[in-house]
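Structure first, then comments.
The values are calculated or read from the model by the stated rules, or taken from the named source; none is laboratory data. Worth saying up front: this structure is predicted, and the values here are computed from it rather than measured. Quick reminder, even Gly has a Cβ in these numbers, built from the backbone with ideal geometry, and neighbours come from all protein chains shown. Surface accessibility is based on the protein's heavy atoms, side chains included, excluding ligands, DNA and RNA. Shrake-Rupley method; radii C 1.70, N 1.55, O 1.52, S 1.80 Å.
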Amino acid sequence: MVKIKNSIEIDKMRKAGKLAAQLLDHLEPYVSEGTSTIYLNDLAAVYTRMNGALSAPLNYRGFPKSICTSINNVVCHGIPSEKDVLKNGDIVNIDVTVILDGFHGDSSRTYCVGEVDSKISDFVERTEKAMYKGIETVKSGNYLYEVGKAIEKYIKPFGYSIVQDYTGHGIGEKFHEDPQVFHHFTKANKIRLRAGMTFTVEPMINMGKSFNVRTSREDGWTVTTADGSLSAQFEHTILVTENGVEILTQSASKQESIDYSRRNKIIQ
Ligand code: MF3
Ligand code: CO
Ligand code: CO
């Protein structure tokens, strides 16, 4: 069952989403050669606490840190560590989730560290674009499967692959709730969207031909591509509205270019 949030809950979701965006903005200047992922984790933990929120990943099903940091062939759920130091040419996804006044805001971005091969930076940009293609389809009355359909249509021609084992998710007082949001087309997502639904769109795209992934047997968390290829991801928490969609985790610098009231379209 997909929950419809009321106006009070929506207001809290907006605040949590805004804080998640601000947290990523706060970390961004530190994403550079020589920074360890534990340093990013600790910065995130302090910022979250200072803003009266909690880090949702910490102790979530036993996850040991406050954010996920996934480098290169790591698809998701990378555990921050002093041993993982960013180097020139890496790509790294930072996934943050805050709990503010009982509600969750979940967002991630993939960054290029220093100078990255143009084939790789194109791949990262296209992954972000794919997320927006999915988000653009969202509107009350539309089917949820349009999200995956649009992502698939855009990403397939590049020869990349869409991870199927991890999906977007409903979000609110719970970190993960109904519906599951697939990033490829499937009838399983033949669900009518209604104003007041909140969920994430968070495609994980592998640069190679295989969408298969493996979970580390050592730490039980780190997910890598089966073929060793790079993987990128972007994530927003969104709200379904009568006219389209509101991106709750949009960074303030991008916010002004989107007019939600007039059209169901996103201009970047
Ligand atoms: N933030 C991830 C998501 O987008 C979930 C991370 S679960 C954790 O759904 F336990 F690894 F933190
Ligand atoms: Co996330
Ligand atoms: Co998520």
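Whenever you get a sec, line up M207, M197 from highest to lowest accessible area (probe 1.4 Å, protein heavy atoms).
M207, M197
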Ordering of 90-100, 127-137, 167-177 by packing [mean C-beta count within 10 Å, highest first]: 90-100, 127-137, 167-177
Relative contact order of the stretch 7-267, pairs being alpha-carbon contacts under 8 Å that are 6 or more residues apart, as %: 21
Difference of contour (0.36 nm per residue) and Cα-Cα distance, F175 to T215: 12.3 nm
Rg/Rh (Cα only; Kirkwood hydrodynamic radius) as it applies to the chain: 0.94
Separation in nanometres of the label points that stand 7 Å from Cα toward Cβ, at L58 and D117: 3.8
Probe 1.4 Å - accessible area at E115, Å² to nearest ten: 150
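Around V92, under 12 Å between beta carbons, what's the net of Lys plus Arg minus Asp minus Glu among the other residues? Could the numbers behind the result be given before it?
Details: positive: K87, R109; negative: E28, E33, D84, D90, D95.
Taking every Cβ under 12 Å from that of V92, the sum is -3.
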14 Å Cα-Cα reach of K87 towards aspartates and glutamates, excluding residues that sit fewer than 8 places from it in its own chain: E33, E115, D117
Per-residue SASA entry for D117, accessible area with 1.4 Å probe, Å² rounded to 10: 90
Charge tally in the Cβ shell below 12 Å around L27, where Lys, Arg are +1 and Asp, Glu are -1, L27 excluded: -3
Solvent-accessible area per residue for the stretch 147-218 (1.4 angstrom probe, square angstrom): 50
Total charge dipole magnitude, the chain, about the Cα centre, Cβ charges on Lys, Arg, Asp, Glu only, Debye to nearest 20: 960
Pairwise centroid distance, computed over Cα atoms, of the stretch 41-108 with the stretch 145-168, Å: 24
Area accessible to solvent at L19, 1.4 Å probe radius, in Å²: 10
Rel. contact order, % - alpha carbon contacts under 8 angstrom, at least six apart, the stretch 206-255: 26
When each of K18/K83; K149/K174; K153/K187; K83/K174; K149/K190 is checked by Cα-Cα distance, pairs over 21 Å: K18/K83; K149/K174; K83/K174
Positive-end residue of T241, I38, V113, charge dipole of the chain with Cβ unit charges: T241
For V75, distant residues with modelled amide H under 5 Å away: V223, T224, T225
